[in-house]
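Heads up: the structure comes next, in structure tokens.
FYI, it's all coordinate maths here, none of it is from the lab. All of these numbers come straight from a predicted model, not from anything done at the bench. We place every Cβ from the backbone using ideal geometry, glycine too, and count neighbours over all the protein chains shown.
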Ligand code: BT5
């Protein structure tokens, strides 16, 4: 069982073991585990600013201020999901590449443990059956230029059932348990995600390589579909380039989208608060 404790207080045991046991098992340089914390990304950022080594990880059962991109919230009922942040030293990797590289590694970890195919909706959504299973939030050290470190936050829905979601997410969110009827152990998933993300970052170059772009293309639910970018019809999605930009074709021209919120033009169900 997850450890109990006051918000912001580190857990002394998590799923039956002290954090040090998990740290050793996963081979990470440092690990902080909380029953409840504001945002694991904030804790990881503070550790990174204090010089934490690459691979340093922060986990929580519950976040009181879990966040997505652009001020949106990440909602996860306590103990039902994986809430993980990893300090990365991404070297020369372009900013647009990181969420996709991390998302691909997380998708592969889920596929390996849960046996379900995971789509990656540009730039940071992990989807199963058209519903959101997880998301990635990469935050750098500062605005502009390249960061010495990046905190990769990963939220994955593991044990939630339909009644666990607030009404606005019920039709749009899913979990590994809801998709497979089986539970994956959160510590197993954490270990696998940590290993796969660290390996992908260590091996990754400045831009996505052919293997990565192929793997993303196979998991791209937007490709060939008409899309709406930040609320405006933009054209037909035509894949992801090596810098991590979304390619959109309209009137014979191809535009590179480097940031934004995208949905399918024909998905009424996805007329989401995400467009806000
Ligand atoms: C994301 O943002 O998808 C990135 C989420 C990253 C969360 C992790 S958890 C560990 C770390 N610590 C943090 O504080 N954050 C990271 P975005 O693309 O902006 O999506 C947010 C939107 O997804 C919300 O506006 C909701 O519509 C929806 N959403 C919120 N919680 C969800 C959930 N558990 N499952 C599916 N969809 C959700």
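Helical content of the chain, expressed as a calculated mean residue ellipticity at 222 nm, amounts to -7500 deg cm²/dmol (DSSP H runs of 4 or more residues, -39,500 (n - 2.57) each, divided by residue number, nearest 500). Shown for 122, 165: other C-beta atoms within 10 Å of each C-beta, ranked fewest to most, produce the order 165, 122. When peptides 36-42, 209-215 are sorted by average Cβ neighbour count within 10 Å, with the highest value leading, the order is 36-42, 209-215.
Quarter the surface of the alpha carbon convex hull of the stretch 57-98 and you get the mean projected area, 3.7 square nanometres.
Using the empirical formula 2.2 N^0.38 Å as the baseline, the Cα radius of gyration of the stretch 140-226 reaches a ratio of 1.41. If you take the square roots of the eigenvalues of the alpha-carbon gyration tensor of the stretch 170-276 and sort them as a ≥ b ≥ c, do you get rounded (a/c under 1.5), prolate (a/b over b/c) or oblate? Because a/c hits 1.5 or more and a/b fails to exceed b/c, the stretch 170-276 counts as oblate.
Ranking of 89, 250 by neighbouring Cβ atoms within 10 Å, starting from the fewest: 250, 89.
FRET efficiency for the residue 199 to residue 265 pair, using the beta carbon distance and R₀ = 51 Å, is estimated at 0.90.
Derived from the Cα gyration tensor, the three semi-axes of the equivalent ellipsoid of the chain are 29, 22, 17 Å, largest first.
Here 127, 199 are placed in order of increasing Cβ neighbour count within 10 Å, fewest first, which gives 199, 127. Shape analysis of the stretch 214-264 yields a ratio of the Cα radius of gyration to the Kirkwood radius, Rg/Rh, of 0.93. In whole angstrom, how far apart do the alpha carbon centroids of the stretch 163-240 and the stretch 17-70 sit? Spelled out, the Cα-based centre of one part sits 21 Å from the other.
Each label point was placed 7 Å from the Cα along the Cα-to-Cβ direction; for residue 46 and residue 249 their separation is 5.0 nm. Using the Stokes-Einstein relation with a Kirkwood hydrodynamic radius computed over Cα pairs, the translational diffusion coefficient of the stretch 1-87 at 25 °C and a viscosity of 0.890 mPa s comes to 189 µm²/s. Within the listed set 171, 253, 237, the Gaussian network model of the chain (springs between alpha-carbon atoms below 10 Å) gives the highest mean-square fluctuation for 253. Build a GNM of the chain with springs between Cα atoms under 10 Å apart, and of 62, 139, 206 the one that fluctuates most is 206.
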